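The values are calculated or read from the model by the stated rules, or taken from the named source; none is laboratory data. Computed from a prediction, not measured in an experiment: that's the story for all the values here. Here the Cβ positions follow ideal geometry from the backbone for every residue, glycine too, while neighbour counts run over all protein chains shown. The protein model used for the area step is the full one, side chains on, heavy atoms only, and it has no ligands, DNA or RNA in it. Shrake-Rupley method; radii C 1.70, N 1.55, O 1.52, S 1.80 Å.
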Amino acid sequence: IKAIESPNKDDDTQWLTYWVVYGVFSIVEFFSDIFLSWFPFYYMLKCGFLLWCMAPSPSNGAEFLYHRIIRPFFLKHEAQLDNVVKDLKDKA
């Protein structure tokens, strides 16, 4: 997220955004996979969702989810997340 929000914008921003969205999706799925796997066509819907997230189109799902959900959450809690990362780095 820090690389995406940096003033240096390279052509890798689209893929960095995708991987941030995929990472958040993987964390959520890790805790809810037991329940979601019981839904019919779950794996087909998951595949469609991931294709939508990486589609090279103006309606790219990763860009949409990042700018509507992940970025506002991150900006609201950025100082707290930086403190947690700093504490973990100091302990390591």
Region 55-75, residues that are more than 16 Å from I4 (Cα to Cα) and open to solvent by 50 Å² or more (accessible area, probe 1.4 Å): P56, P58, S59
Kindly establish whether F49 is out of contact with any Lys or Arg (no Cβ under 6 Å at 6 or more places or on another chain), farther than 30 Å from A79 by Cα and either of a type in the set (K, R) or open to solvent by less than 60 Å² (accessible area, probe 1.4 Å) (or both). yes
Pairs where the first residue, in region 34-47, is closer than 19 Å to Y22 by Cα and the second is aliphatic (A, V, I, L, M), C-beta under 6 Å, 6+ apart: Y42/L36
Checking V84 against (1) at pLDDT below 90; (2) open to solvent by 60 Å² or more (accessible area, probe 1.4 Å): exactly one of these is not met. Which one? (1)
Quick check on my filter: what residues within region 20-39 are surrounded by 12 or more Cβ atoms within 10 Å (Cβ to Cβ), modelled with pLDDT of 90 or more and hydrophobic (A, V, I, L, M, F, W, C)? V20, V21, V24, F25
